[in-house]
Structures are given as structure tokens and as C-alpha cells.
1. Across 5 Å bins from the origin, how do the percents of Cα pairs in segment 44-143 run, short distances first?
2. What's the ranking of 192-198, 21-27, 228-234 by average number of surrounding C-beta atoms within 10 Å, highest first?
3. How would you rank 199-212, 268-281, highest first, on the average number of other Cβ atoms within 10 Å across their residues?
4. For segment 96-187, treating each Cα as an identical point scatterer without solvent, what Debye log10 I(q)/I(0) comes out at q = 0.13, 0.14, 0.19 1/Å?
5. How about segment 57-96: which trypsin sites (Lys or Arg not before Pro) there are in a DSSP loop, with at most 10 other Cβ atoms within 10 Å of their Cβ?
6. May I ask for the distance between the Cα centers of segment 78-92 and segment 186-231, given as a whole number of Å?
7. So which aspartates and glutamates pass the test for residue 65, namely a Cα distance under 17 Å, with those fewer than 8 places away in the same chain ruled out?
8. When we measure straight from the Cα of residue 306, which aspartates and glutamates land under 13 angstrom away, once same-chain ones fewer than 8 places off are left out?
Amino acid sequence: MINQWEKPPGNKKEETTAQKNHSSSIKEAIEYRTGKKLPEDKEELFRNFDDLIPKEIDHINIADKVNAEDEHASLYRYSREGMKSNLERELYGATMKDVDDYFRNELESIERELEKTQRSRDLGYKEDFDSKLLARHDKYSDLFNQISTGVVGNPLAEIELQINSNFTNESEKDNLRKFAERLSAEMYKDRPKNKIDIGDIEKQIEKEAVFFSDVEDENVKKDNAEHFKKVKESLNKGDLKLASEEIEFSIGWIQEKLEERKNKDLKKVSEEMLKKRFGENFRPATNRELEKLRSYRKFLKSSESKNV
């Protein structure tokens with residue numbers, strides 16, 4: 001994710017990162033200037049920002065300390081877009097621009113690798129391009145085009161695959177989780193929100209335990225049973241970490257199987273596993289399951305933050 005500060009003249013700062021959270025102060029400042037109350041629901045405020053905030057309000061200044069122990073407050077200057085971005089980042093952890101930048105940066109990185117290969121070919125060091133790199137270029141070019149036009153389904157699937165990858169380090173996963181939350185919110189923004197509680201999570205973990213324990217290998221069956229026992233015990237004690245990991249794994253598992261269907265050598269096996277779990281008409285069933293699991297992921301993430 002790109003972290004960037006703009007510093008207008010006069011030692012004022014326009015914040016475009018998540019280093020400070022001023023959405024409540026911005027809301028109060030706008031209400032003071034307009035004399036009108038804004039919605040308490042921050043998502044409603046974000047989604048209707050352009051209609052709710054008069055166009056003449058093009059900036060807001062917020063006085064706040066950079067660090068709690070500082071003697072003097074600093075002045076943060078937010079443009080209209082900065083106000084909206086601050087609210088968006090508080091709601092979802094990331095902005096759509098952050099996600100757009102991620103896919104742009106990935107694509108540009110691949111293109112630099114291809115340029116290096118082209119130079120090596122020109123010098124006679126290499127005969128051809130890496131087929132995997134070419135395939136990745138085509139994939140990310142398509143994903144970047146999709147995210148740029150507001151299509152989020154495939155970019156979200158790719159990010160969830162990367163979260164589940166053993167080659168993605170924890171720092172990267174933290175950013176990708178924010179991107180997944182932002183894309184999930186965009187994908188389901190017009191759907192009614194279902195109430196979720198810990199009982200729903202417990203039922204989901206039980207379903208996972210049943211499915212992953214239905215294996216022939218007795219050692220694997222035993223290991224899985226012990227694993228899910230720990231997850232359930234942890235959840236009963238109020239620790240949500242293992243349950244969050246399990247929900248994340250389940251999302252990744254589905255995405256991996258759907259991705260494997262694109263490979264002719266893996267297509268049959270992956271479809272058999274999807275049918276075993278979701279039935280013959282597995283495609284709409286997986287879509288429903290992913291929507292549910294993503295809502296559980298958001299619920300657990302929100303609950304974890306409240307417990308910190």
C-alpha cells in the first residue's frame with residue numbers, strides 16, 4: 001500500500017494515510033458549518049457523501065496532536081476527496097484507490113521483469129519468455145482492467161488466493177486482508193445485511209470439521225479432529241483468532257479449487273471435491289458460501305478489534 005503525505009504551504013498537512021483517524025471530527029466540523037446533522041451510520045454517510053455534503057465544502061481543517069504526548073496540536077487539512085477517503089479507510093481498512101494501486105503496482109512489476117527478459121533475449125542470453133510470467137502478465141492485466149472499471153469479483157478472488165498462499169508473508173497478508181474487506185464491501189453493498197453472532201461461527205466451524213474429517217487416511221482424520229477441537233475450545237473461551245484463521249482458510253480453499261478448474265490436469269479432481277462439498281450444482285452454491293464466509297470474516301475481524 002502506498003503511504004503518502006501532501007504538505008501544503010504554511011506547515012499544514014493533508015492526510016491520505018491511516019496514520020490518523022479523523023472521520024468523527026470531520027463529521028462534526030461539517031455539521032457545524034452546515035448546521036445540519038449527518039447520518040450516524042458511517043457507511044451511509046460514505047455511500048451518500050457527494051449528496052449529503054454541500055459542494056462548497058471543499059476542505060476541512062482539523063487540529064489534533066500527532067502523538068498523544070505532544071505539547072502542541074498540528075493542523076491537518078483535508079480536501080473533499082481526503083475527507084471521503086478518511087471515512088472509507090476507517091470503515092474498510094483500505095480505499096478502492098489502494099486496491100487499484102496494488103494491481104497497478106503488481107502489473108508494472110511484471111512488465112519490468114518482461115523488459116529484463118527482452119533485453120536478455122536481445123543480447124542472446126535467453127531464447128524465450130517464461131511462460132508462467134507471460135500468463136501472470138495476462139492475468140494481472142485483465143484484473144487491473146476489471147478493477148479500474150468497477151468489476152470486483154475476480155480481483156477479490158485473486159487477493160483471497162494470495163492471502164491463502166504459503167508464499168505470502170504475514171505483513172503482505174495484513175494489507176491483502178484490508179483489500180479483501182474493501183472489495184467484499186463493494187461487491188455486496190446493495191445486499192441486505194444479515195445479523196451474525198458467535199453461534200453462527202460455531203455452526204460454521206462444526207460444518208468445516210465434518211467435511212475435513214471425512215477422509216480415508218486415519219492419521220489425517222485424527223489430525224483434523226484434534227485441530228477442530230482446538231478451534232472450538234478456543235472459540236468457547238472467547239478467543240477468535242483460530243476461528244478467524246479457519247474462516248480465512250475455507251475462503252482460500254474454495255478459491256483454490258475454483259482456480260484449479262482452469263487447469264485441464266486439475267479440473268476433474270477439483271470439481272469432484274467441490275461437488276462433494278456443495279453438490280452437483282456447485283457454482284451458485286460456492287458463490288453463496290463465499291458471501292456468507294466473507295460476512296463471517298468481517299464479523300470476526302470487527303469483534304477482534306473490539307476485544308483489543
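1. Pairs per bin, as whole percents: 2, 10, 12, 12, 11, 10, 9, 8, 8, 7, 6, 3, 1.
2. The peptides rank, most packed first, as 21-27, 228-234, 192-198.
3. Ranking, from highest mean packing down: 199-212, 268-281.
4. -0.49, -0.56, -0.88
5. Of the trypsin sites (Lys or Arg not before Pro), not one in the loops of segment 57-96 has a Cβ with at most 10 other Cβ atoms within 10 Å.
6. Here the two parts' Cα centres lie 35 Å apart.
7. 14, 15
8. Of all the aspartates and glutamates, those that pass the test against residue 306 - Cα under 13 Å, at least 8 places apart if same chain - are 239.
Read the figures in this text as sums done on the coordinates, not as results from a lab. Since this is a predicted model, take the numbers as computed values, not measurements. Note that we place each Cβ from the backbone using ideal geometry, even for glycine, and neighbour counts take in every protein chain shown.
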